[in-house]
Amino acid sequence: MTTAAPLLPPADWRDFLALTKPRVMTLVVFTGLCGMLAAPRGIAPVLAFTAILCIALGAGAAGALNQWYEADLDAVMKRTAKRPLPAGRMDRQSALHFGVGLAAFSVILMGLAVNMAAAAILTVSILFYVLIYTVWLKRRTPQNIVIGGAAGAFPPLIGWAAATGEVAVLPVLLFALVFLWTPPHFWALALFIESDYAKAGIPMLPVVAGERATRRQIGLYTIPMALVAVAPWPLGLTGAFYGAASIALTAIFGALAARVTIGRNTPGMKPEKRLFAYSIIYLFVIFGALVVDRWLA
Amino acid sequence: MGDEQELIQRRQKARAIVTAVLLLAFVVLTFFITIAKIREGMAQ
């Protein structure tokens with residue numbers, strides 16, 4: 001005789017919303033919108049709205065599939081233990097069906113309503129996040145967020161492709177900016193929640209290589225990130241407003257990263273928390289500056 | 001048992017309402033997408 005798993009009541013709709021990681025989605029939607037607004041050609045407002053909706057739904061689908069696959073890891077980490085699956089408020093099959101359905105819907109809608117180029121990049125970004133980052137890299141290598149960071153870098157490319165139907169140098173630089181921003185951002189976080197990652201057995205850099213190596217890597221990744229952030233101006237892709245804003249914002253990022261690089265673990269981990277918080281503001285403001293620069297031009 | 005049945009019914013009702021609202025929003029969006037596509041086609 002076999003024992004059946006206890007049946008859960010149907011999940012609350014708010015738990016499905018939580019599966020989509022709405023807070024992560026904010027940055028994804030914003031960078032996608034900025035990629036679209038920075039493009040030289042505009043599209044009808046309703047199609048622009050649809051493209052942004054598809055980017056949000058695609059990101060939500062990737063987040064849901066990530067939580068479906070990582071329910072066991074989430075259960076042992078304080079930061080994620082209250083999510084719907086580890087907290088036992090939803091069965092795994094519902095999360096899988098929701099994630100796959102949402103992914104398919106977002107890609108099909110993008111392809112039919114906007115264009116195939118944007119739909120193709122959206123597909124790659126979802127598959128990259130789920131298969132390359134979540135399934136393949138996250139549990140295997142401390143380089144997980146370096147390579148996996150590409151998944152979060154796609155939205156400006158998708159936004160640009162939605163408006164123009166093609167890819168150009170500026171959105172590729174925006175992709176590179178988010179890609180190179182991801183390691184310092186996540187490693188600053190990993191430094192102050194290292195014990196959480198260690199408990200879950202996730203090979204984040206501080207767990208595998210130690211605190212000093214992580215601090216050095218934060219400094220090393222900040223250099224190419226700074227170059228890529230400022231590059232659109234000398235390359236003639238943006239105006240002086242973006243140039244001045246990117247230099248000022250990146251200088252602050254560099255100063256905060258330098259403090260973390262030369263620092264040591266302290267009880268409050270203030271420099272690390274400051275870098276983590278500023279890195280989020282940095283990305284919002286630098287993308288905003290790009291859009292303002294376009295309007296000024 | 002009664003409480004659980006009530007919880008299940010409450011959640012099913014809430015999910016049905018959310019699904020209906022989303023479907024209605026999708027219908028409206030599809031309408032406006034169609035209008036935008038027709039205008040795009042006329043402009044070319």
If you find the alpha carbon centre of region A:43-91 and of region A:192-225, how far apart are they in angstrom? 24 Å
With a length cut of 15 Å (Cα positions projected on each helix's long axis) and a Kyte-Doolittle mean of at least 0.5, go through chain A and give me the DSSP H helices that pass. A:22-37, A:45-69, A:92-109, A:116-127, A:144-164, A:169-192, A:240-262, A:270-296
Using a 10 Å cut-off around each Cβ of peptide B:27-36, what is the average number of partner chain Cβ atoms that fall inside? 4
Alpha-carbon Debye profile of region A:189-297, log10 I(q)/I(0) at 0.13, 0.17, 0.20 Å⁻¹: -0.55, -0.81, -0.98
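Tell me, Kirkwood radius of chain A from alpha-carbon pair distances, in Å? Numbers along the way, then the final one.
On the way: mean 1/r = 0.0501 Å⁻¹.
That comes to 20.0 Å for chain A.
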Using every Cα-Cα pair within region A:13-165, state what percent have a distance larger than 24 Å. 31 percent
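Per residue of A:43-54, how many C-beta atoms from partner chains lie within 10 Å of its own C-beta, taken as a mean?
Values: counts 2, 8, 2, 9, 5, 1, 4, 5, 0, 0, 2, 0.
Per-residue shielding by partner chains comes out at 3.
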Which whole-Hz couplings ³J(HN,Hα) result when phi for each residue of region B:37-44 is put into the Karplus expression 6.51 cos²θ - 1.76 cosθ + 1.60, θ = phi - 60°, listed in order with x for Gly and Pro? 5, 5, 5, 4, x, 5, 6, 7
Quote the relative contact order of chain A in percent (integer), defining contacts as alpha-carbon pairs under 8 Å separated by 6+ residues. 19 percent
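Suppose only helical runs count, i.e. DSSP H with n ≥ 4. What mean residue ellipticity at 222 nm does that imply for chain A under -39500 (n - 2.57) per run, divided by all residues and rounded to the nearest 500 deg cm²/dmol? Each step should come with its number before you reach the end.
On the way: 13 runs with 210 residues, N = 297.
One gets -23500 deg cm²/dmol as the mean residue ellipticity at 222 nm.
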Tell me which of A:Phe241, A:Val172, A:Val291 sits at the most positive position along the dipole axis of region A:168-297, charges placed on C-beta atoms (Lys, Arg +1; Asp, Glu -1). A:Phe241
Mean projected area in nm² (Cα convex hull; one quarter of hull surface) for chain B: 2.7 nm²
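All of the numbers you see were taken from the coordinates with simple rules; none came from a lab. From a predicted model like this one, the values you see are computed outputs, not experimental measurements. Ideal geometry is used to build each Cβ from the backbone, glycine not excepted, and the neighbour counts take in all protein chains shown.
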